[in-house]
Amino acid sequence: MTPAGSLLVAQDLHKAYGSTPALDGASFSVHPGEVVAVMGPSGSGKSTLLHCLAGIVTPDKGTISYAGREISSMSDAERSALRRGDFGFVFQFGQLVPELTCLENVALPLRLNGTRRKAAEHTARQGLERLEVDGIAGRRPGEVSGGQGQRVAVARALAGSPKVIFADEPTGALDSLNGERVMELLTESARSANTAVVLVTHEARVAAYSDRDVVVRDGRARDLEYVV
Ligand SMILES: Nc1ncnc2c1ncn2[C@@H]1O[C@H](COP(=O)(O)OP(=O)(O)O)[C@@H](O)[C@H]1O
Ligand SMILES: [Mg+2]
């Protein structure tokens, strides 16, 4: 059964890398504006689940639908348009473009969607202000701290007003103070924009910012209340 009102729904996902099963019957759903933490030990399949949900990895079996459309039935072009237009991404290490300034990095997804430079940079500056890092707009990623870089990465993920943000261990490389502030800013911004967040983490204190927790064990995802 598809949970009513869900934006993104995955059912019975299976994915193996050679003989290593990464997902073994995982199901998942997220509502618009909902922050869901995907928890579980290292190697349990969290990143694989996130990559499948985001249309980056194709599962061997199972279905994923986004806004009522089956992702596997889309063409590659439709899938990449979906990733560019409706999805935002934050990874453990910001993966900012080193040659661009922080402002240009945040403006980049907008530029790729055809927004003119001035408008894109205006929106990017507002994003940097919201993430409290407008002071480093003109610096390159190599010239800022890890915490500042992750804030820039969050601003970039939010810049195109996505419907879903996928965050894979977004605070994994930060100290706890910076990690908590990044989580606060990410979840506050997402909630105010009604953006759903799929947050992969193995840290319980990061999951404290979620509306709901899902635990992945051996490639299977369950709502936390069912596994305790
Ligand atoms: N690209 C890959 N090639 C081979 N094995 C992989 C690949 N990605 C993940 N795996 C394997 O799949 C399993 C699940 O990995 P992953 O989804 O990264 O887990 P997690 O994010 O929970 O640490 C692990 O056994 C991992 O080694
Ligand atoms: Mg992972």
| Karplus 3J(HN,Hα) series, Hz, for the stretch 126-132 with 6.51 cos²θ - 1.76 cosθ + 1.60 (x for Gly, Pro) | 4, x, 5, 5, 4, 8, 6
| query | So what's the angle, to the nearest 10 degrees on a 0 to 90 scale, between helix 76-86 and the longest Cα principal axis of the chain? | reply | 60 degrees
| remark: Amide H contacts under 5 Å for ARG139, restricted to residues at least 5 apart in sequence or on another chain and with H modeled in the peptide plane, are CYS102, LEU103
| request: Name the long-range amide H neighbours of LYS15: under 5 Å, sequence gap of 5 or more, or other chain; modelled H, no Pro or chain starts. | output: ALA22, LEU23, ASP24, GLY25, ASP60
| query | Given the stretch 117-228, what whole percent of its Cα pairs are spread farther than 18 Å? | reply | 52 percent
| request: Please list, in chain and number order, the residues 5+ apart from ARG217 or on another chain whose amide H is under 5 Å from its amide H, with Hs placed from the backbone. | output: ARG222
| request: Return the distance in nm (one decimal) between the two label points of a simple spin-label model at SER145 and ARG217, each offset 7 Å from Cα along Cα→Cβ. | output: 3.8 nm
| task | Apply 1/(1 + (r/R0)^6) to the Cβ-Cβ distance of GLU184 and LYS118, taking R0 = 22 Å, and write down the FRET efficiency to the nearest 0.05. | result | 0.10
| request: Please state, as a whole number in µm²/s, the translational diffusion coefficient that the Stokes-Einstein equation yields for the chain at 25 °C and 0.890 mPa s, with Rh defined as the Kirkwood radius across alpha carbon pairs. | output: 138 µm²/s
| query | In terms of the ratio Rg/(2.2 N^0.38 Å) built on C-alpha atoms, what value belongs to the stretch 11-96? | reply | 1.10
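Coordinate-derived values only; no laboratory data. Owing to the predicted nature of the structure, the values given are computational and were not obtained by experimental measurement. Because the Cβ atoms are built from the backbone with ideal geometry, glycine has one as well, and the counts that use them run over all protein chains shown.
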